[in-house]
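Notes to accompany the following structure.
The values are calculated or read from the model by the stated rules, or taken from the named source; none is laboratory data. Only a predicted model underlies this, so the values are computations on that prediction, with no experimental measurement involved. So basically every Cβ, Gly included, is an ideal-geometry build from the backbone, and we count neighbours across all protein chains shown.
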């Protein structure tokens with residue numbers, strides 16, 4: 001049911017999933033969250049993964065981000081097999097190769113902006129001075145060079161999400177994984193954050209965006225639609241036809 | 001990640017939750033303070049007892065009239081009998097009978113009213129031999145002790161304790177003055193140096209020492225020839241045991257009794273010391289046990305708060321894991337947090353303990369001896385409590401799955 005090969009632009013593969021399944025055993029019954037996903041994402045791509053809730057896109061995001069491991073199938077992240085790694089090695093992979101942006105921002109309220117941004121570098125064992133320098137650079141990159149000492153509660157939602165993006169950038173990861181990055185933002189801040197992600201894409205970053213909003217997905221150049229644990233569509237995001245497909249799928253899901 | 005970084009994160013967490021950290025620390029604080037103080041009190045008590053007992057003299061044996069059972073079956077209390085006589089003491093001075101005894105000081109004492117001018121004071125008047133000062137390791141701070149001649153002639157002389165002097169003469173010079181005991185005038189010829197005993201209740205410094213003969217002939221003290229105590233000094237510490245045997249055998253023979261119904265008892269400083277320290281040791285263990293329980297409760301408090309802290313900070317843990325914190329790093333973070341709380345509590349507890357060591361002796365008149373070793377030990381105990389209290393919560397934090405942790409609201 002999954003196309004064996006995808007016709008993809010040439011380049012270095014960042015994500016290579018091959019027949020990935022994920023089954024949750026809740027005791028009473030088995031939940032098949034992913035039923036066999038094969039997917040390749042190349043260096044520099046801006047990919048949106050879209051699907052209604054319960055479609056398996058969150059599970060796919062967890063596996064892509066090495067927050068969870070697949071029940072079966074192979075996963076190469078930036079060329080390295082990660083399906084057999086233990087928790088400690090997975091932590092290192094997340095630290096080095098994935099930059100997370102969450103819907104809830106997930107900033108630590110007691111730390112200032114630059115201290116939040118340097119956190120991944122702490123776990124990478126980077127020295128103090130270099131950490132601060134890189135954190136400040138990343139904050140500058142997202143346009144918060146004048147807010148480095150502000151605490152999260154002293155900033156707007158949009159600014160907080162930009163701090164989170166700076167934190168995702170600071171380790172120079174292979175992939176930025178953004179899970180509903182605009183879910184908690186007003187429309188103005190949403191536009192702001194999406195513009196920043198597009199800008200990062202322009203500068204060559206690989207971005208994977210997980211969302212249930214077709215509007216948000218339209219920013220990506222490639223849209224992958226997930227339903228019932230399988231990929232049902234893989235389109236060019238700038239294609240107008242996509243919007244119709246997404247709307248249809250939404251309507252279908254709600255019936 | 002370096003340990004110092006983990007420590008910084010742990011300390012940040014403590015600083016962020018100031019009130020909660022303070023309340024957590026309180027249990028350890030009180031626990032360590034009470035442990036430090038009870039141990040200090042125990043050591044102080046045994047040190048003061050030790051100094052009191054060694055102030056009695058050196059190589060000393062003390063013979064007291066023992067309990068006796070009369071023909072009617074009534075058993076007198078220890079020391080109530082008047083079975084020791086001055087002649088017993090004289091017999092023990094015989095070098096053939098007791099070669100290892102170097103000096104003998106029989107003592108008869110009575111509480112009497114003293115008068116100096118218009119001042120009166122009640123004190124213990126002790127009649128003894130010139131050897132008393134030597135046997136009891138006492139020296140005179142001014143004047144002199146009475147001589148053999150004065151002893152033989154029953155001279156009207158007296159040597160006063162420092163406390164007695166200050167009561168009768170308001171701290172003025174006593175030597176050469178006259179005091180009146182039972183209407184008999186005695187000339188003060190010397191003042192005993194203070195024993196320097198740390199215990200304020202000792203009456204070693206409130207005493208009047210007169211020749212035994214003077215007491216017997218003029219003051220009515222020991223007039224029946226009985227004495228309340230005989231102090232013996234062995235030649236040296238090695239001869240203590242032999243001196244004990246000689247005195248025991250001689251007195252058994254003189255009193256015509258067997259050791260089973262001996263009407264006297266001989267104690268050494270060592271046995272006094274053992275008895276006294278075993279009492280204070282028991283007390284210290286008892287109090288220390290109670291203090292240890294309060295420390296245990298404090299440790300449970302730390303564990304409790306750490307568990308609350310872990311479930312409260314599930315999202316933080318999830319985020320840290322997503323950003324690359326290994327289970328090991330998360331475990332260290334929470335373990336260090338528990339240890340840091342306990343160390344702070346321990347240090348505060350030691351501080352209160354040292355403060356108590358200054359304040360308490362003034363309030364309850366009990367010496368408190370604190371040692372750096374005991375304090376360091378208390379700190380190690382605090383660290384141990386922190387580790388024990390932190391292991392389980394830290395393990396729980398380390399095992400949290402990052403997705404579950406991130407999902408929690």
Next item on the list: Run residue B:69 past the list (1) surrounded by fewer than 20 Cβ atoms within 10 Å (Cβ to Cβ); (2) away from every other protein chain (no Cβ under 14 Å); (3) at pLDDT 85 or above; (4) over 32 Å from the mean Cα position of the chain (by Cα) and report the number of the one that doesn't hold.
Entry: (3)
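Restricting attention to segment B:275-298, does a residue exist that is closer than 30 Å to residue B:88 by Cα and either out of contact with any helix residue (DSSP H, G or I) (no Cβ under 7 Å at 6 or more places or on another chain) or assigned to a helix (DSSP H, G or I) (or both)? Before you say what the answer is, go through the steps one by one.
Of all residues in segment B:275-298, those closer than 30 Å to residue B:88 by Cα come to B:275-276.
Checking the rest, the ones that are also either out of contact with any helix residue (DSSP H, G or I) (no Cβ under 7 Å at 6 or more places or on another chain) or assigned to a helix (DSSP H, G or I) (or both) come to B:275-276.
Scanning segment B:275-298 turns up at least one residue that is closer than 30 Å to residue B:88 by Cα and either out of contact with any helix residue (DSSP H, G or I) (no Cβ under 7 Å at 6 or more places or on another chain) or assigned to a helix (DSSP H, G or I) (or both).
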Item checked: Sole exception among (1) free of Cβ contacts under 8 Å to residues at least 24 places away in the same chain; (2) within 14 Å of chain B (Cβ to nearest Cβ); (3) not in a helix (DSSP H, G or I) for residue A:183, by number -> (1)
Check: Any idea which of (1) in contact with a strand residue (DSSP E or B) (Cβ under 7 Å, 6 or more places away or on another chain); (2) in contact (Cβ under 8 Å) with a residue 40 or more places away in the chain is the one residue B:213 doesn't satisfy?
Finding: (1)
Notebook entry, point to check: Just wondering, is there one or more residues in segment B:271-285 that are within 14 Å of chain A (Cβ to nearest Cβ) and buried (at least 17 other Cβ atoms within 10 Å of the Cβ)?
Noted result: no
Check: Looking at residue B:299, is it surrounded by 22 or more Cβ atoms within 10 Å (Cβ to Cβ), modelled with pLDDT of 85 or more and within 30 Å of residue B:403 (Cα to Cα)?
Finding: no
Next item on the list: Check segment B:13-20 and report whether any residue there is within 29 Å of residue B:325 (Cβ to Cβ) and away from chain A (no Cβ under 14 Å).
Entry: yes
Next item on the list: Just give me the residues in segment B:353-369 being assigned to a helix (DSSP H, G or I) and either crowded, with 18+ Cβ neighbours inside 10 Å or outside the structural domain of residue B:399 (by TED's automatic domain parsing) (or both), in sequence order.
Entry: B:353, B:356, B:357, B:360
Next item on the list: Would you mind telling me which numbered condition in (1) in contact with a helix residue (DSSP H, G or I) (Cβ under 9 Å, 6 or more places away or on another chain); (2) under 18 Å from residue B:401 (Cβ atoms); (3) more than 9 Å from chain B (Cβ to nearest Cβ) residue A:55 fails?
Entry: (2)
Check: Would you pick out the residues in segment B:309-350 that are within 16 Å of residue B:381 (Cα to Cα), surrounded by fewer than 21 Cβ atoms within 10 Å (Cβ to Cβ) and touching a residue at least 40 places away in the same chain (Cβ under 8 Å)?
Finding: B:340, B:343, B:344, B:348
Note to self: Take the residues in segment B:194-217 that are surrounded by fewer than 20 Cβ atoms within 10 Å (Cβ to Cβ) and out of contact with any helix residue (DSSP H, G or I) (no Cβ under 9 Å at 6 or more places or on another chain); name whichever of them is modelled with the highest pLDDT.
What the structure shows: B:217
Margin query: Are there helices (runs of 4 or more DSSP H) fully within segment A:69-171 with at least 3 residues that are closer than 26 Å to residue A:203 by Cβ and more than 14 Å from every other protein chain (Cβ to nearest Cβ)? List them.
Written below: A:128-141, A:157-169
Checklist line | Which numbered condition residue A:62 fails, given (1) surrounded by fewer than 22 Cβ atoms within 10 Å (Cβ to Cβ); (2) under 17 Å from the mean Cα position of the chain (by Cα); (3) without any contact (Cβ under 8 Å) to a residue 24 or more places away in the chain | finding: (1)
Check: Residue check: is residue B:344 more than 14 Å from chain A (Cβ to nearest Cβ), touching a helix residue (DSSP H, G or I) at 6+ places or on another chain (Cβ under 6 Å), at pLDDT 90 or above and more than 29 Å from residue A:104 (Cβ to Cβ)?
Finding: yes
Checklist line | Residue match in segment B:385-402 (condition: closer than 12 Å to residue B:40 by Cα, at pLDDT below 90 and not in a helix (DSSP H, G or I)) | finding: no
Notebook entry, point to check: Under the condition of being modelled with pLDDT under 80 and under 30 Å from the mean Cα position of the chain (by Cα), which residue from segment B:249-270 is farthest from residue B:52 (Cα to Cα)?
Noted result: B:270
Next item on the list: Would you be able to say whether some residue in segment B:119-132 is touching a residue at least 24 places away in the same chain (Cβ under 8 Å), closer than 13 Å to residue B:187 by Cα, in the same structural domain as residue B:191 (by TED's automatic domain parsing) and assigned to a loop (DSSP other than H, G, I, E, B)?
Entry: no
